[in-house]
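The values are calculated or read from the model by the stated rules, or taken from the named source; none is laboratory data. Please read these numbers as outputs of a predicted model, since none were measured by experiment. When we count neighbours, we look across all protein chains shown, and the Cβ atoms used for this are built from the backbone with ideal geometry, even at glycine. When the accessible area is computed, the model is the full protein with side chains, heavy atoms only, and any ligands, DNA or RNA have been set aside. Shrake-Rupley method; radii C 1.70, N 1.55, O 1.52, S 1.80 Å.
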Amino acid sequence: MADTRSPIEQRRIVNTAIPGPRSLELNARRLASVAGGVSVQLPAFIERAQGSILLDADGNQLIDLGSGIAVTGVGHSHPKVAEAIAAQAYDFTHTCAMVTPYEEYVAVCEELNKLTPGSFEKHSMLVNSGAEALENAVKIARLATGRQAIVVFENAYHGRTNLTMALTAKNNPYKDHFGPFAPEIYRVAMSYPYRDGLSGDEAAARAISQIEILVGASNVAAVLIEPIQGEGGFIVPAEGFLKQITQWCAANGSLFIADEVQSGFCRTGKWFASEYEDIAPDIITTAKGIAAGMPLAGVTGRAELMDAVHPGGLGGTYGGNPVAAASALASINVMRDENLNAKALVIEEILTTRLAKLGTDLECVGDIRGRGAMIAVELVKPGEGKEPDAALAKAIVAECALEGVVTLSTGTYGNVLRFLPALTIEEDLLNEGFDVVEAAARKLGA
Ligand SMILES: *Cc1c(COP(=O)(O)O)cnc(C)c1O
């Protein structure tokens, strides 16, 4: 089942404009057939991808610094993952785990229980997407505590389904005119060191006071937070903030749920970002990096919470699909065998060093933050005001695309350039990709 074609060389090649003529033809078909609400950042149609290179329909080779939004951490079409997927597809592709079970589902749950922080007994369940994991985490927390209120934070992103739209902070594009939204969701202030200047203790005191005054401690089923906010702009809360919130939860009978959908699976240089703050969430949601792009997500939590739900109360037709589960098991083995936590820290060193150097020359570099291979730069207009510069972020992303480098912007204000390379990226290729980013920033920024 091995791929007999020659491997894609790990180098950038720009043959045509990007998107090129063949991609433009395909894009015309897309516009004529695909719902307009599903937007595309760069309509270069991909035919193959390997490692950190995307090969498009016009023969261009793009350096991928986004990993399909933190998903292909092990690199595109890692041979061990591709072989595991193919082998499982020949064995069987579906039985429905709720009808007749299979070992792969159990093995992924065993890995999740072992790899997530917390030395207590854990149980897991598998679903198809990050949003679905969050939906289930909330269901479990409400049933297990007998309470209804869920506390979320400014800048949060938790998905696009009805419940997760309510959990998500930003109106446009995620929520505008899609209401009414699910009730009993309460939003409080996030620790955002660059913009609020507060210590972890101060920011936690502010959030806790809001919870107690606006919601009431005894109503709170769970406090739900991304340990490093993803779509919100890679906001790393001030040290101690998360710990204080977990302690408040423990003292008040509320659960602490960590959404590690984006930050999990070696992305930050540890298996889970929660480990940096030495916290052990009661429930953790995972997805993105878990299975190299096969649709899989997990909810992992204290066994007694996960088992509080009556039989049949949790599930879904495709949850824990065997092909996706096989991909997860192979991906996790690659993470271990190739020591991707250490690789993430090398990426952090390269990116933060180069961004810091850029920051000494350019006033638009407001804040450099993140951990491991989850690094961002917040772009601002020159002057003291830290005024967000979303147009600059957008222009840099567009300029990089023309030069054959895929980057992503994000953030509550749209002014954050984020880097999510594969953890397996070769250092030379990462540097070449960043050369392009740097040239774009120097050309467009001040
Ligand atoms: C992407 C993301 C989600 C939603 O995941 P989907 O698989 O797109 O539903 C939830 N939480 C976080 C932190 C995310 O980054």
Legend entry - Contact order relative to length of the chain, as percent, for alpha carbon pairs under 8 angstrom and 6 or more apart: 21 percent
Legend entry - Other-chain or far-sequence residues with amide H under 5 Å of M190's (modelled H): E154
Inset, instruction - Nearest 5 is fine: what % of DSSP beta bridges in the chain come out antiparallel, could you say? - result: 70 percent
Legend entry - Förster-model FRET efficiency, 35 Å R0, A2 and E239, C-beta, rounded to 0.05: 0.15
Inset, instruction - Springs between alpha-carbon atoms under 10 Å, Gaussian network over the chain: tell me which of E260, E403, E384 tops the mean-square fluctuations. - result: E384
Inset, instruction - List, in order, the whole-Hz ³J(HN,Hα) value for each residue of the stretch 281-287 obtained from phi through the Karplus relation with A = 6.51, B = -1.76, C = 1.60 and θ = phi - 60°; use x for Gly and Pro. - result: x, 5, 9, 10, 9, 9, 6
Inset, instruction - Evaluate the distance, in nm, between pseudo-label points positioned 7 Å from the Cα of H177 and of L24 along their respective Cα→Cβ axes. - result: 3.1 nm
Inset, instruction - Add +1 for every Lys or Arg and -1 for every Asp or Glu among the other residues with Cβ under 10 Å from the Cβ of M190, and state the total. - result: 0
Inset, instruction - Find, among the GluC sites (Glu not before Pro) in the stretch 196-255, those assigned to loop by DSSP (not H, G, I, E, B) with at most 14 other beta-carbon atoms within 10 angstrom. - result: E239
Inset, instruction - Note down the net charge around A303, summing +1 for each Lys or Arg and -1 for each Asp or Glu among other residues with Cβ under 15 Å from its Cβ. - result: -2
Inset, instruction - Roll a 1.4 Å probe over the protein chains and send me the accessible area per residue for the chain in Å². - result: 41 Å²
Inset, instruction - Rounded to the nearest Å, what's the spacing between the alpha carbon centres of the stretch 369-441 and the stretch 89-144? Just the number, please. - result: 34 Å
Legend entry - Counting DSSP beta bridges with both ends in the stretch 207-344, the antiparallel % (nearest 5): 40 percent
Legend entry - Theoretical FRET efficiency, 1/(1+(r/R0)^6), r = Cβ-Cβ of A391 and D201, R0 35 Å, to 0.05: 0.45
Legend entry - C-alpha center-to-center spacing [the stretch 162-186, the stretch 12-56] in angstrom: 30 Å
Inset, instruction - Quick one: grab the alpha carbon gyration tensor of the chain, order the square roots of its eigenvalues as a ≥ b ≥ c, and give me rounded if a/c is under 1.5, else prolate or oblate depending on whether a/b is larger than b/c. - result: oblate
Legend entry - DSSP H segments from the chain that extend 24 Å or more along their own axis, Cα-based, with Kyte-Doolittle mean of 0.0 or above: 340-361
Inset, instruction - For the chain, give the percent of accessible area contributed by carbon and sulfur heavy atoms, probe 1.4 Å, rounded to a whole number. - result: 53 percent
Legend entry - Alpha-carbon gyration tensor eigenvalues x 5, square-rooted, for the stretch 82-337, Å: 30, 19, 17
Legend entry - Surrounding net charge for I46, when Lys and Arg each add one and Asp and Glu each subtract one, Cβ distance under 12 Å: -2
Legend entry - Full-extension gain in nm, A189 to R48, via 0.36 nm per residue minus C-alpha separation: 46.5 nm
Legend entry - Relative contact order (%) - the stretch 82-337, alpha-carbon pairs under 8 angstrom, separation at least six: 30 percent
Legend entry - Residue-averaged [θ]222 nm for the chain, counting only DSSP H segments that reach four residues, each worth -39500 (n - 2.57): -11500 deg cm²/dmol
